[in-house]
Amino acid sequence: MALFSKLKDRLFKSSSRLDEGLAAIVADGGTSDRTAGEAGDSPAAAAPQSPPDPFPLPSDPAPAPTPQEVPAPDADPAAATAPLEIPIETPPSAPARAPSTGQSGGLVGRLFGAKSGAVVRRELDDEMLEQLEELLISADMGVDTALRVTAAMAEGRLGKKLSVDEIKALMAREVTRIMEPVAKPMPLYAKTPQVVLVVGVNGSGKTTTIGKLALQFKAAGKSVVIAAGDTFRAAAVEQLQVWGARAGVPVLTAPEGSDPASLAFDAMTKAEAEGADLLLIDTAGRLQNRADLMEELAKIIRVIRKKDPSAPHNTLLVLDATTGQNALLQVETFRKMADVSGLVMTKLDGTAKGGVLVALADKFGLPIHAIGVGEQIDDLDAFDPADFAAALTGGTATTGGA
Ligand SMILES: Nc1nc2c(ncn2[C@@H]2O[C@H](COP(=O)(O)OP(=O)(O)OP(=O)(O)O)[C@@H](O)[C@H]2O)c(=O)[nH]1
């Protein structure tokens, strides 16, 4: 399945929450404008059961995101940050999903002109802005970011009448603006082996993400080695072996309970000897005992620097999007333990908390290298801000500068 359609389908929960909330906000004090050329009196025309797909995709499957080479003299940075070129047409003024109440003449039906062929618009005032803020906070965007987004939406528009679709498009544009600077694939360096330390709390999706990354790097022609650094949990090591086998990448393990730093050192030696391009090191994620974990990570870093003072070249923090605002705390905590260089957000499929990505981008500005949109090995996508914003808001894919 191509990237955007997957994201659009799977971020359904976030966008449906925003859809419903926006419909209610606009209905609260909005008035109908009958507009020429919009839905007519026929219920079939007014409340389409299958609205045209606002984001048609090319028939060819999209290629797996290709990691960016750094330094890459001929590389086009724009192409690198948006590895998938998906043509997006401007959708007609239809909601992303057919409003289920459209035929009943209920709230959403009225909004989308089910009976009257009219579009409901509401004047943008302070009260409406407050309601929009609350809606964004409920989608886990956080107070500060929600305020910033609504303030930008209001700029020059106070007193104007806006429809649900117009608000969605504005919202998507502001979200895109915030997200564009952080959409960066994980850089690849000329020096090998490139050491990638993968950190994050247990259950965030580290193992799965390492398997997915290994497959993508391998598909890009890189030789990859994985080190199972959570040596205290046999189950974690076994899982990583399963993912290594799926990706066709060797997984180096050490006896249960042995020193993870010593495994990391051995893995470096082996990766060097084998001329591997990348070494992905899994780590434990027991935040319950923060001091131990901090010491363990510090030791791994100390030891691999004996082999290569510039390592680790990337420290990826894997965050579970379903944890919502807690992801912000995890970033703060892991930044104290390691020099986090980028994020991978997992479980964006089926969460109503996708807004936390916007809060993360706004607060920390750390690159988002990839997003997990499912449990299968190919469910790791490059992060595309406009597609994300459209999927989150149910609005129109657009660029921040638009
Ligand atoms: N839906 C969905 N599930 C995911 C995604 N990424 C990981 N998971 C699931 O999340 C659960 C935990 O993933 P793991 O990769 O084992 O997480 P971990 O951080 O390695 O956890 P520990 O092994 O406990 O340290 C598994 O059931 C995965 O299938 C994703 O993008 N989407």
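Table for the structure above
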read-out	value
Lone unmet requirement of (1) outside any helix (DSSP H, G or I); (2) open to solvent by 20 Å² or more (accessible area, probe 1.4 Å); (3) within 16 Å of the ligand (Cβ to nearest atom) for I226	(2)
Flag if A234 is in contact (Cβ under 8 Å) with a residue 12 or more places away in the chain and either among the aromatic types (F, W, Y) or within 16 Å of the ligand (Cβ to nearest atom) (or both)	yes
Answer from D292, D308 - the residue that is open to solvent by 30 Å² or more (accessible area, probe 1.4 Å) and farther than 25 Å from L380 by Cβ	D292
Some residue of region 194-216 being in a loop (DSSP other than H, G, I, E, B), surrounded by fewer than 23 Cβ atoms within 10 Å (Cβ to Cβ) and more than 16 Å from the ligand (Cβ to nearest atom)	no
Residue under evaluation I371, criteria (1) open to solvent by less than 20 Å² (accessible area, probe 1.4 Å); (2) more than 14 Å from the ligand (Cβ to nearest atom); (3) within 15 Å of the chain's Cα centre (by Cα), criterion not met	(2)
Wholly enclosed helices (runs of 4 or more DSSP H) of region 238-352 bearing at least 3 residues within 16 Å of the ligand (Cβ to nearest atom)	290-307, 326-337
In region 245-276, residue farthest from I300 (Cα to Cα) [restricted to those that are touching a residue at least 60 places away in the same chain (Cβ under 8 Å) and among the aliphatic types (A, V, I, L, M)]	A247
Every residue from region 317-332 that is of a type in the set (D, E) and closer than 19 Å to M186 by Cα	D320
Selection from region 245-277 of residues that are closer than 30 Å to N326 by Cβ and in contact with a helix residue (DSSP H, G or I) (Cβ under 7 Å, 6 or more places away or on another chain)	R246, A247, V251, E256, P260, A261, A264
Single residue of M171, M141 found to be open to solvent by less than 10 Å² (accessible area, probe 1.4 Å), assigned to a helix (DSSP H, G or I) and away from the ligand (no atom under 16 Å from the Cβ)	M171
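The values are calculated or read from the model by the stated rules, or taken from the named source; none is laboratory data. The structure displayed is predicted, hence computed values, not measured ones. As a convention, Cβ positions derive from the backbone with ideal geometry for all residues, glycine included, and neighbour counts pool all protein chains shown. Heads up: the accessible areas ignore ligands, DNA and RNA and are worked out on the full protein's heavy atoms, side chains in. Shrake-Rupley method; radii C 1.70, N 1.55, O 1.52, S 1.80 Å.
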